[in-house]
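Down below is the structure, laid out as structure tokens.
The values are calculated or read from the model by the stated rules, or taken from the named source; none is laboratory data. Note that the structure is a prediction, hence the values are computed from the model and not measured. As a convention, Cβ positions derive from the backbone with ideal geometry for all residues, glycine included, and neighbour counts pool all protein chains shown. Just so you know, the surface numbers come from the protein's heavy atoms only, side chains and all, with ligands and any DNA or RNA stripped out. Shrake-Rupley method; radii C 1.70, N 1.55, O 1.52, S 1.80 Å.
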Amino acid sequence: MRFVGKTIVVTGSGREKGLGQAILQRFADEGANCVVSDVAIAGEVEGVARELRGRGAKVEVIACDVSDAAQCRALVDGAVAAFGSVDVMVNNAGIGFMMKPLLEVDPADWARVIAVNLSGAFYCTQAAARAMIAGGKGGRIINIASQAAKTGFPHLPAYVSSKHGMIGLTRASAVELGTHGITVNAVCPNHVTTGLGAQQNAYFSKLLGFDSVEAYLKNMAAKNPMGRPGLASDTASACAWLASDDAFYVTGEALNVSGGEEMH
């Protein structure tokens, strides 16, 4: 129960079986107040909130399109109004389904991915940091990057670029916010089969010539030192550690959570 009395905000957390939900579940189980946020509040989002309440957590649901700076400020303000503070901000919202060869990427698609994945993380970092500084208790900001933040992948130029940029944002933010007792770190998971991950599975299994998605996943597992792709709970555990007192002196890091698939 390391997070009793603390409030966590996770962007892009409205999908059932998504990374955002898994992160909130982990923090709810350790006593945190949870703010569920996604671009629209309906259907799955309410299901995520209901499940968290079933775990005993206090839950607030706030809509936010992270590509809009004003909505990011409103998200943080809403969390403070509901629970008195924002102690942990997890920038999880992201677009990874626009898969095309580099030469076929439309400028509008490029701009949309950068706006959500990178600008959204910046806007939420800025808003959360201001609230944390005003609260005077420090805080934790965690960016959900990707293995694609360290390694290039075909047909994902905007996604890869945005995730590399997220590590730069992490480092720059850590340098400036440390004096306020705020740590900023990134988590870099390998492939996790969430809803978004399933779209990538279907696309890349066909692109790479596999007979089925199952054959593609089997090959992926065989290449991993630990014999399986990532799980959402792996990322959630890393976030819980980075938000804990045990990691109070860790900042500006980009932590691989890949079963040894990524080692730099």
Using θ = phi - 60° and the Karplus relation 6.51 cos²θ - 1.76 cosθ + 1.60, list the HN-Hα couplings for the stretch 221-237 in order, rounded to whole Hz, with x at every Gly or Pro.
-> 5, 5, 7, 8, x, 9, x, 7, x, x, 10, 4, 5, 5, 5, 4, 5
Taking the chain and counting helices only, DSSP H stretches of n ≥ 4 at -39,500 (n - 2.57) each over all residues, the nearest-500 ellipticity at 222 nm comes to -14000 deg cm²/dmol
Net lengthening on full extension, S233/V4 (0.36 nm per residue, minus Cα-Cα) = 80.4 nm
Just subtract the alpha-carbon distance of K206 and M226 from 0.36 nm times their residue separation and send over the number in nm, one decimal.
-> 4.7 nm
Per-selection Rg to Rh, the chain - Cα, Kirkwood hydrodynamic radius = 0.96
Calculate what fraction, in whole %, of the accessible area of the stretch 203-248 sits on carbon and sulfur atoms when a 1.4 Å probe is rolled over the protein chains.
-> 58
What are the ³J(HN,Hα) values, in whole Hz, obtained from phi via the Karplus relation 6.51 cos²θ - 1.76 cosθ + 1.60 with θ = phi - 60°, for each residue of the stretch 96-112 in sequence order, with x given for Gly and Pro?
-> x, 9, 8, 9, 8, x, 3, 6, 10, 6, 6, x, 5, 5, 4, 5, 5
Based only on the alpha carbon positions, what is the Kirkwood hydrodynamic radius of the stretch 78-133, in angstrom?
-> 13.1
Let me know the charge dipole size of the chain about its Cα centre in debye, to the nearest 20, where only the beta-carbon of Lys, Arg (+1) and Asp, Glu (-1) is charged.
-> 240
Give me the lysines in straight-line cross-link reach of K223: C-alpha distance below 24 Å, same-chain residues under 8 apart excluded.
-> K150, K163, K206
In the stretch 45-112, what percent of the accessible surface is made up of carbon and sulfur (1.4 Å probe, ligands and nucleic acids excluded)?
-> 53
Heavy-atom surface of the chain, accessible at 1.4 Å and reported per residue (Å²) = 45
Round to the nearest 10 and report in Å² the accessible area of H264, as given by a 1.4 Å probe over the protein chains' heavy atoms.
-> 120
Kindly work out what percent of the DSSP beta bridges joining two residues of the chain are antiparallel, to the nearest 5.
-> 0
Output ³J(HN,Hα) for the stretch 134-143: one whole-Hz value per residue in order, computed from phi by the Karplus curve 6.51 cos²θ - 1.76 cosθ + 1.60 with θ = phi - 60°, and x for Gly and Pro.
-> 5, x, x, 10, x, x, 10, 10, 10, 9
Grab the Cα-Cα distance for A111 and W241, subtract it from 0.36 nm times how many residues apart they are, and report the gain in nm with one decimal.
-> 43.5 nm
